[in-house]
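Reading through the structure tokens given below for one structure.
The values are calculated or read from the model by the stated rules, or taken from the named source; none is laboratory data. In this text, all values refer to a predicted model and were calculated from it rather than measured experimentally. Cβ atoms come from the backbone with ideal geometry, glycine included; neighbour counts cover every protein chain shown. Please note that ligands, DNA and RNA were not included when accessible areas were found on the heavy atoms of the full protein model with its side chains. Shrake-Rupley method; radii C 1.70, N 1.55, O 1.52, S 1.80 Å.
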Amino acid sequence: MPTESEKIELSPHELREITGYAAECARRALSIFEQSAPADPRPRDAIDAAQAFAAGGRRTAALRQSAWAAYSAAREAASPAAADAARAASHAAAAAYLHPLANAHQVKHILGAAAHAARAEELTSGEDRRVTAGTLDWARHHAPTAVTAVLGRMPAAPPGGGRVGEFIRVLDAALRA
């Protein structure tokens, strides 16, 4: 296992696959945000920008700005579920900027969109753990090879982070199994 400061290989193809995966995960929860704030396009814009990058687009300042805009939408959200849905979108766009470092924090960047989407769905369902299990199972089964390959070059997900951190660790362990 690499040390925390060691650089890892991270190909452009892997970065695009990880970003596309994050966008798919975030899109699952987008309606939760849009029901709460139908006139706010920031999370949708971030997911669309992430998908454009995954499809071969350039990594631009506009892509990074869309991640920050979705993060701002999360801070302004009217409900915790809507906030987590917007955070999922923010993580999707930010996935394009994953650092090639063997750092547990980078695991959060890879799996953050899936974990926040799962939390948004869980909150919307009234904390139904079956919904959460289904969402995390979907995320595990839809992870492309690049996600598991890059996770395999990094240390395990870090402790902490509340319920979202728990989801990241559960998904990380499942993808490494």
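Filtering segment 87-129 down to residues that are polar (S, T, N, Q) and assigned to a helix (DSSP H, G or I), which residue is farthest from the chain's Cα centre (by Cα)? Out of the qualifying residues, it is 124.
For every residue, the table says whether it meets (1) over 18 Å from residue 118 (Cβ atoms); (2) of a type in the set (A, V, I, L, M); (3) not in a helix (DSSP H, G or I).
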residue: 14; (1), (2), (3): yes, no, no
residue: 23; (1), (2), (3): no, yes, no
residue: 35; (1), (2), (3): no, no, no
residue: 39; (1), (2), (3): yes, yes, yes
residue: 43; (1), (2), (3): no, no, no
residue: 53; (1), (2), (3): yes, no, no
residue: 62; (1), (2), (3): yes, yes, no
residue: 73; (1), (2), (3): yes, yes, no
residue: 81; (1), (2), (3): no, yes, no
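Only residues that are open to solvent by 30 Å² or more (accessible area, probe 1.4 Å), under 22 Å from residue 61 (Cβ atoms) and modelled with pLDDT of 95 or more were counted in segment 1-39, giving 2.
From 48, 84, grab the single residue that is surrounded by fewer than 23 Cβ atoms within 10 Å (Cβ to Cβ) and under 14 Å from the mean Cα position of the chain (by Cα). Break it down into steps so the answer makes sense when it comes.
Working: 84 fails: surrounded by fewer than 23 Cβ atoms within 10 Å (Cβ to Cβ).
That would be 48, the only listed residue that is surrounded by fewer than 23 Cβ atoms within 10 Å (Cβ to Cβ) and under 14 Å from the mean Cα position of the chain (by Cα).
Among residues of segment 123-150 that are farther than 16 Å from residue 88 by Cα, those with a Cβ under 9 angstrom from a residue that is of a type in the set (Asp, Glu) and in a loop (DSSP other than H, G, I, E, B), sequence gap 6+ or separate chain, pair up as 150/9.
Residues checked against (1) closer than 20 Å to residue 83 by Cβ; (2) touching a residue at least 60 places away in the same chain (Cβ under 8 Å); (3) not β-branched (Val, Ile, Thr):
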site	(1), (2), (3)
8	no, yes, no
21	no, yes, yes
25	yes, yes, yes
28	yes, yes, yes
31	yes, no, yes
36	yes, no, yes
40	yes, no, yes
